[in-house]
Amino acid sequence: MIEIFIKTLPFFALIALGYWAGRTKFFSEEATAYLTKFVFYFALSAMLFKFSANLSFADVWDPNLVMGYLLATIVVYVIATVVAMMRGLDVPTTAVEAQCACIGNVGFLGVPMLALLLGEPAVGVIMMALAVDLIVFSSLIVILITGSRDGRFSFGVLRTVALGLVKNPMIVAITLGFTWSAFAIPIPTPMNEFLSILGGAATPGALFAIGASLASKSAERLYIAGWLSFCKLVLHPMLVAVGVLYLFPVDPYTAAVVISASALPVAGNVYILAQHYGVAPQRVSATILVSTAISIFTVSFVIGLVAP
């Protein structure tokens, strides 16, 4: 366990460095926004494309993995929804809290960190979890917020969701990579080296950007942030473990990777959505801050517990 904690420290040290840079204004909010864009649209996309282009979709696709992860995530989503409704929250705020409870930072933190800690084969598993998060739950929050405000679920809502998925560079990179792989097209050496150099910037860039973005977030409503962090860091990995070990069993390595991925702190894109729709952005901000701080210890514990 201590060995895993020591291995994860450099990743969180990069987050801390970014936090310091943002907190001291050495890195402005505008600079952080542009760094995040670079990582999101270029570096991380290059990494995901390279990985998926060298994988076969048939080798990565695992119905048990998808069902086990999806079912566990739905249960956490429902629990957070019920608790929010019992507190008398409206539909948009309930949807945002539920999103915080079960959507982790799989893209920015999970892909680079778990690939290095658990090996490159982990990327295929992470991509499946990431696809579930983006396709199912990122769509669901848009449908719930937009539908509740319009008073009905229209074709326009579905069009917004579809456009959001098509424009998401992670989805595009993974899809293009698997398409490339399906046609068995060899990656030319110059292109491969280009992707390696650009993708290599994803890990330090993403971690630094996470820290710098946290510097602008406040820690209000700590009791709510604590509850949602508990859901994300404890309840979610526990239920995913039940899902992939007992209900829809997968091999031990795949189970270890997806359980580790489910233990990651709340994703930054939840804040982006909350801010875009004007729904409890401070609440999401606090949850991201609290869950990331606590995850320094909980992520190491979970990885140490399940790593083969």
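About the Cα centre of the chain, how large is the charge dipole given +1 on each Lys and Arg Cβ and -1 on each Asp and Glu Cβ? Please answer in debye to the nearest 20.
Details: 14 positive and 13 negative charges, 138 e Å.
Charge dipole of the chain: 660 debye, to the nearest 20.
Taking only pairs that are 8 or more places apart or on different chains, how many Lys pairs in the chain have Cα atoms under 21 angstrom apart?
So the count of such lysine pairs works out to 7.
In whole angstrom, how long is each semi-axis of the equivalent ellipsoid of region 178-220, when you take the square root of 5 times every eigenvalue of its Cα gyration tensor and sort them from largest down?
On the way: eigenvalues 253, 36, 4 Å².
Taking √(5λ) for each eigenvalue gives 36, 13, 4 Å, largest first.
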Convex hull around the C-alpha positions of the chain: the volume in Å³ per residue is 130 Å³
Answer check: region 1-47, Cα atoms, Kirkwood Rh, Rg/Rh ratio of 1.11
Under the helix-only model (-39500 (n - 2.57) for each DSSP H run of 4 or more, divided by the residues of the chain), the mean residue ellipticity at 222 nm, to 500 deg cm²/dmol, is -23500 deg cm²/dmol
Share (percent) of C-alpha pair distances in region 20-63 greater than 16 Å works out to 57 percent
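First select every other residue whose beta carbon is under 15 angstrom from the beta carbon of LEU55; then total the charges, Lys and Arg +1, Asp and Glu -1.
Result for the neighbourhood of LEU55: -2.
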Among trypsin sites (Lys or Arg not before Pro) in region 36-105, those in a DSSP loop whose Cβ has at most 15 other Cβ atoms within 10 Å are ARG87
Quick calc of log₁₀ I(q)/I(0), region 154-308, Debye, one scatterer on every Cα, no solvent, q values 0.15, 0.16 1/Å, result -1.11, -1.19
Sorted by chain and number, the residues with a modelled amide H under 5 Å from that of GLY104, at a separation of 5 or more or across chains, are ALA267
When the charge dipole of the chain is computed with +1 on Lys and Arg Cβ and -1 on Asp and Glu Cβ about the Cα centre, the Cα farthest towards its positive end, among LEU239, TRP180, ALA84, belongs to ALA84
Those helices of the chain passing the 20 Å axial Cα length cut-off and the mean Kyte-Doolittle cut-off of 1.6 (DSSP H runs only) are 63-86
dims of region 70-148, Cα set, principal axes, largest to smallest, nearest Å -> 45, 21, 20
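Of the listed peptides 14-24, 254-264, what is their order by residue-averaged count of other C-beta atoms within 10 Å, with the highest listed first?
Working: 14-24: 18.8, 254-264: 26.9.
Ranking, from highest mean packing down: 254-264, 14-24.
Every number in this text was worked out from the coordinates using simple rules, so none of it is lab data. Bear in mind the structure is a predicted one, so any value in this text is a computation, not a measurement. So basically every Cβ, Gly included, is an ideal-geometry build from the backbone, and we count neighbours across all protein chains shown.
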